[in-house]
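Notes for the one structure printed next.
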Amino acid sequence: MVFGLLFTMISCFLETVVISVMFAAMIVIVLGVQYVNDPAKGKKMEAVLHRFLPHTDPIHQLVLLALVTLGAVLLKCIADNRQGYLMNRFSNQVALLLRQQLFTHLLRLSPAYFERESTGARVSRVTSDVVVLQQCLGTQLAEIVYAPVSILFALVGMFWINWQLTLTALCLAPVIAIVMSAGGRQIRKLSIRIQERLADLNAGLVERLGSVRIIQSFVREPYETERVSTLNQHYFHDIMRSILLTETIAPGVEFVAYVGMMCGIVMAGYMVANHYILPLQFFAFIMMAQRGGQHFKRLSRINQVRQQANGAGTRIFELLDTEPEIQDAPEAKPLPQAEGRIAFEGVSFSYSTGERVLQEINLTVSPGEVIALVGPSGAGKTTLVNLLPRFYDPTAGHIRLDGVDLRDITLASLRSQVGIVPQETVLFGGTIYENILYGRLEASREEVIAAAQAANALEFIERLPEGFNTVVGERGARLSGGQRQRVAIARAVLKNPRILVLDEATSALDTESEHLVQQALDRLMQERTTFVIAHRLSTVQHATRILVLDKGCIVEAGSHQQLLAYDGLYRRLYEMQFRTTPSVPILQG
């Protein structure tokens with residue numbers, strides 16, 4: 001950036017001062033002005049020219065000036081080349097680092113942040129906001145230096161020629177400053193709003209393109225088209241307001257600047273006619289005034305760029321300044337290999353909305369136990385298991401793993417010992433091998449194959465034409481539900497966690513796939529502390545303990561037989577699912 005700006009200043013000096021003076025001198029020679037009306041000044045100017053031009057012949061002088069001018073133009077072109085390359089390199093490096101920093105920071109943020117902010121808005125900050133800032137830091141940053149420095153060089157040269165003329169030319173500069181300041185504030189507000197509109201549009205597109213099947217099944221294409229059109233129109237209107245403001249300010253500033261310049265030129269013409277200044281000074285003044293005047297228009301563009309950069313930068317740094325709600329405590333220590341003993345001590349939890357989800361949960365789980373969590377929707381089952389890997393922290397109480405408070409354990413070491421198999425399987429868009437390897441990146445190929453076999457996935461993988469190298473598509477779209485689930489289980493097997501969370505891992509599968517997945521899960525649960533969230537009670541009848549949650553409290557606890565014998569919520573849920581009465585024999589498995 002520094003070298004790029006240095007080349008920018010060299011280019012400014014060559015264009016505004018050197019080339020302008022050379023052109024002025026050539027004009028004087030071409031016009032053959034010999035200062036006959038003022039022989040003394042004529043001799044003085046001849047002495048100046050002869051000091052720099054060794055030839056007395058006008059043609060020789062003209063050729064020499066032309067060669068010097070071409071040399072200056074060549075140097076300016078070289079400086080422009082280096083400036084353009086270096087400034088674009090700088091802007092792309094900044095964009096590279098910002099995108100990476102934003103993504104890394106997003107991965108550190110807590111799940112609560114992702115519940116508040118849409119995917120489209122997050123993508124917009126990483127992409128479009130960074131692009132705006134990148135554009136402002138490339139050649140446009142050079143322009144931010146180029147125009148003011150050109151004006152400065154022009155003013156210095158004009159003051160050196162005649163300060164009265166220069167002050168006359170600058171008589172309207174305060175008007176320009178006021179217009180640009182007022183317009184700049186409005187442009188900044190619009191720039192921020194435009195980026196917010198774009199984030200809303202991105203969010204709308206991501207949400208709807210990810211739900212195409214639902215939209216088509218309900219025949220809502222016209223409805224969704226209209227909704228996205230509304231977002232698109234809002235973005236378009238704010239863009240056009242910004243363009244209108246910019247295109248009004250820029251010509252206005254240019255006109256005011258030229259009014260001042262024309263006043264100075266008219267006065268300069270009067271002074272030449274009355275022999276107060278030399279014609280060479282007059283032409284040099286005109287050239288410099290013209291160079292400075294054309295850059296006044298660029299100043300308004302620069303102000304727009306600066307305000308856009310401020311708007312994009314504000315949104316970017318708002319995200320970078322967002323602190324993760326869940327992070328390592330200063331005294332947190334890595335957890336060694338866990339035994340899997342878990343204790344909930346008076347645990348309560350409320351979301352930021354104030355809704356209380358868990359109330360005074362007291363629970364002790366021994367290593368290797370299988371704990372089933374059942375209850376009506378909204379009872380707090382998922383929230384309870386989300387506290388184990390510290391996706392959230394309790395608002396009251398403590399959770400201990402092997403006697404250590406989870407807050408005193410580093411997040412990386414805690415989460416490395418918790419495996420989660422969710423109901424909605426999430427696979428990445430690479431190969432099956434890469435998705436299984438995700439469980440432990442340093443695992444060997446033999447270990448990946450063994451994990452696939454343990455998850456009942458090896459058979460279907462080997463039947464595929466490309467085997468483990470089969471690309472699964474976005475979110476595993478090229479695999480069936482049962483296949484996706486078995487790949488996810490293989491990933492968990494490879495991770496080898498001490499604590500396992502199964503969130504209704506077989507609820508969306510057909511009978512055959514459920515049987516294969518259940519076999520894999522049974523193997524996965526061996527010798528691990530396991531929490532199973534279940535809506536189908538037939539899947540948890542052999543759990544060590546079944547906890548029944550209702551309105552954030554554990555209202556019943558015991559084995560399947562004990563809870564059926566106790567005429568409570570579990571029995572009512574069981575009877576609702578199986579359409580049975582207490583006299584009907586209990587299903588086993």
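Show me the ranking of peptides 118-125, 1-8 by mean Cβ neighbours inside 10 Å, starting with the highest. Walk me through the intermediate numbers first.
Details: 118-125: 19.0, 1-8: 17.5.
So the order, starting with the most tightly packed, is 118-125, 1-8.
Tell me which residues come under 5 Å, amide H to amide H, from L335 once H is placed; ignore anything under 5 positions away on its chain.
So L335 has HN proximity to T410, S413, L414.
When V149, V471 are ordered from fewest to most other Cβ atoms inside 10 Å of their Cβ, what list results?
V471, V149
I need R484, R116 ordered by Cβ neighbour count within 10 Å, fewest first.
By the 10 Å Cβ count, ascending: R116, R484.
Could you order the peptides 333-339, 193-199 from most to least packed, using the average number of other C-beta atoms within 10 Å per residue?
193-199, 333-339
Looking at the P(r) of the range 359-503, how many percent of alpha-carbon pairs lie beyond 27 Å? It would help to have the intermediate numbers written out before the result.
Details: 3227 of 10440 pairs.
Looking at the range 359-503, the distances longer than 27 Å represent 31 percent of pairs.
For L500, what residues show an amide H to amide H distance below 5 Å, using hydrogens built from the backbone and excluding near sequence neighbours?
Correct list: G419, T529, T530, F531.
For the range 359-429, evaluate the Debye formula with one uniform point scatterer on each Cα (no solvent term) and list log10 I(q)/I(0) at q = 0.23, 0.27, 0.28 Å⁻¹, rounded to two decimals.
For the requested q values the scattering log ratios are -1.36, -1.62, -1.65.
Just order 526-537, 566-577 by mean Cβ neighbour count inside 10 Å, highest at the front, would you? Don't skip to the answer; put the middle values down first.
On the way: 526-537: 19.2, 566-577: 15.1.
My ranking of the peptides, most packed first, is 526-537, 566-577.
Taking 10 °C and 1.306 mPa s as the conditions, I'd like the Stokes-Einstein D for the range 423-496 in µm²/s, using the Kirkwood hydrodynamic radius from alpha carbon pairs.
It diffuses with D of about 137 µm²/s by this estimate.
Fewest Cβ neighbours within 10 Å first, please rank F391, F317, F282 accordingly.
F317, F391, F282
Just so you know, all these numbers are worked out from the coordinates, no wet-lab data involved. None of the values given here were measured: they were computed from a predicted structure. Every residue, glycine as well, gets a Cβ built from its backbone with ideal geometry; the counts of neighbours run over all protein chains shown.
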